[in-house]
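J.: Pasting a structure below so you can have a look.
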Amino acid sequence: MGEPALERLQKCLAVYVGPHTARLSLKTFAQKHFGMLPNQLPPSALPDLVRSLRPLLRSMLGEADSEKLSRLLLMECEQ
Amino acid sequence: MKYWLLGAACVLYGVVVALLRQFDPAAARLALFAAYALPAVAGVITALSYGSRDRLRWAWLVYASGYGIGFLGKLVIGDLAENLHAATSHQIIWSLFVFCFNACGVAGLALFARVWSGTGMAPPWRRWATLGFFVLALAIGIPNARNAMGLLSPMSPIAIGAMASVIGDIVSITLIGPIFATMIALRGGVLARPWFFLFASVLCWLLNNLPAVLPANVATYYDGIVRPAAITFAAAAAIAQLWVKRELRAGLPD
């Protein structure tokens, strides 16, 4: 069995923003948008969770590069 | 590896300028003044790698403009020590350059400090870090202001420039707080690298403010290393940001 999608997503995000902010951002936005912890989210909610990260990525990387990174993160959710 | 080399080059530049001060002051002056052009050029190139709606584009552009003004000021009018007994018109021009250099530096750092705003999250202890650096800024800034006022006659054009520099330094040191918090929050990720160099730069500027509270014999050697390192670390931050963006683009799908 492969790695859960959430872990793949967190690992992929951690490469860019570091493990601490990757974990904290997923937790913050999962609670803000879905009212639950990230590991309680159904896999179908992960793309929405990635979309909620866009303002953070846009601020750090700029619009063009953050869109590319969002697409990569969405691919991690779909694998 | 290349990021370590970049950092080492900044320290080496500081050491070379300090050594030149001992053996060839004219060359040291030239090397110090030329250093201001590095973050100006690197910052503008990095700014252009962002879109017009990206906050960091304006942060890099304003910050780079400050160093550009600093470079121009050094070329046109020179350093503080060269203008202490200059004509009033020279002192006014020197003060104007110093004011603009500090205003751009503060505005640039304020934009960097606001990188988390509107994102929905921020390092929770960022405010405490800012408060801590504000206290430190006052502890360094007040003796510096007293020192400047003791050396210069109050309300002379050069004293106004010196005070603008002291106030700019207090705000800049305060803004180290959010930059430090960002660097720590992003640790372990590739995006932390430019923030590390930016932090190293502002930390060196902080250290550059210490001579007023240090013994005079220590301050002379120390200033030679710290100021060129502060300037070259700012250039390194812009270069690291550009490298990180290029590496990301290479590794991300179109």
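J.: I'd like the mean, over residues of B:8-19, of how many other protein chain beta carbons sit within 10 Å of each residue's own Cβ. Could the numbers behind the result be given before it?
T.: On the way: counts 0, 0, 0, 0, 0, 0, 0, 0, 0, 0, 0, 0.
Average neighbour count from other chains, rounded to a whole number: 0.
J.: Now for a separate question. Can you work out the FRET efficiency for the pair A:Glu7 and B:Val15, with r the C-beta to C-beta distance and R0 = 35 Å, to the nearest 0.05?
T.: Step by step, r from the Cβ atoms, then E = 0.15.
J.: For segment B:140-193, just run the numbers: alpha carbon Rg, then divide by 2.2 N^0.38 Å, N being how many residues it has.
T.: That works out to 1.65 for segment B:140-193.
J.: Under the Karplus relation 6.51 cos²θ - 1.76 cosθ + 1.60, θ = phi - 60°, what is the ordered set of whole-Hz ³J(HN,Hα) values for segment B:6-11, x standing for Gly and Pro?
T.: Listing the rounded values in order: 4, x, 4, 4, 5, 5 Hz.
J.: Still on this model: I'd like the distance separating the alpha-carbon centroids of segment A:20-75 and segment B:1-64, in whole Å.
T.: So the separation of the two Cα centres works out to 35 Å.
J.: Another question, then. Looking only at other chains, what is the average number of their beta-carbon atoms within 10 angstrom of each beta-carbon in B:178-191?
T.: Rounded to a whole number, the mean comes out at 4.
J.: Further question on the same structure: At q = 0.19, 0.22, 0.26, 0.28 Å⁻¹, work out log10 I(q)/I(0) for chain A with the Debye formula, treating every Cα as an identical point scatterer and leaving solvent out; two decimals please.
T.: Ignoring solvent entirely, the Cα scatterers give -0.73, -1.00, -1.40, -1.58.
J.: Now, a different point. For segment A:9-79, what is the charge dipole size about the Cα centre, in debye to the nearest 20, if Lys and Arg each add +1 at the Cβ and Asp and Glu each add -1 at the Cβ?
T.: On the way: 9 positive and 6 negative charges, 40 e Å.
With only Lys, Arg, Asp and Glu charged at Cβ, the dipole is about 200 debye.
J.: Roughly how compact is the protein assembly as shown, stated as its Cα Rg over 2.2 N^0.38 Å to two decimals?
T.: Cα Rg divided by the expected 2.2 N^0.38 Å: 1.11.
J.: Stretched out fully, how many nm does the piece from B:Ser156 to B:Leu210 gain, at 0.36 nm a residue minus the Cα gap?
T.: 17.1 nm
J.: Still on this model: Across 5 Å bins from 0, what is the distribution of all Cα-Cα pair distances for segment B:70-193, in whole percents?
T.: 2, 11, 17, 18, 15, 12, 10, 7, 5, 2, 0
J.: Quick one: if the Förster radius is 25 Å, what FRET efficiency do B:Trp125 and A:Glu63 give, using the C-beta to C-beta distance and rounding to 0.05? Intermediate values should be presented prior to the final figure.
T.: Values: r = 29 Å, r/R0 = 1.15.
Once rounded, the FRET efficiency stands at 0.30.
J.: Further question on the same structure: Suppose each label sits 7 Å from its Cα in the direction of the beta carbon; what would the A:Arg23-A:Asn39 distance come out to in nanometres?
T.: It is 1.1 nm.
J.: Rounded to two decimals, what is the ratio between the C-alpha radius of gyration of segment B:1-84 and 2.2 N^0.38 Å?
T.: The reported ratio for this selection is 1.29.
J.: Let me ask something additional. For segment B:107-173, what's the radius of gyration and Dmax over Cα atoms, in angstrom?
T.: Considering segment B:107-173 through its Cα atoms, Rg and Dmax are 15.5, 49 Å.
J.: For B:Asp24, B:Asp54, which order do you get if you count the other beta carbons within 10 Å of each Cβ and list the fewest first?
T.: Ascending Cβ contact count within 10 Å gives the list B:Asp24, B:Asp54.
J.: Which three extents, in angstrom, do the Cα atoms of chain B have along their principal axes, listed largest first?
T.: 60, 37, 33
J.: Placing +1 at every Lys and Arg Cβ and -1 at every Asp and Glu Cβ, with all other atoms neutral, what dipole size does chain B have around its Cα centre, in debye to the nearest 20?
T.: Numbers: 17 positive and 8 negative charges, 134 e Å.
Charge dipole of chain B: 640 debye, to the nearest 20.
J.: Moving to a separate point now. How big is segment B:1-141 on each of its three principal axes, counting only the C-alpha atoms and giving the largest first in Å?
T.: 51, 42, 35
J.: Next question. Would you kindly calculate the translational diffusion coefficient of segment B:1-47, applying Stokes-Einstein with the Kirkwood radius from alpha carbon pairs, for 20 °C and a viscosity of 1.002 mPa s, and quote it in µm² s⁻¹ without decimals?
T.: 183 µm²/s
J.: Moving on. Once the piece of chain linking B:Val41 and B:Arg187 is laid out straight, how much longer is it, given 0.36 nm per residue of separation minus the C-alpha distance between them? Mind dumping the intermediate values first?
T.: Details: separation 146, 0.36 × 146 = 52.56 nm, distance 2.69 nm.
Residue separation times 0.36 nm, minus the Cα-Cα distance, leaves 49.9 nm.
Values in this text are rule-based calculations from the coordinates and carry no lab data. What you see is a predicted model; the values in this text were computed from it and never measured. In this analysis, Cβ positions are derived from the backbone assuming ideal geometry, glycine residues included, and neighbour counts consider all displayed protein chains.
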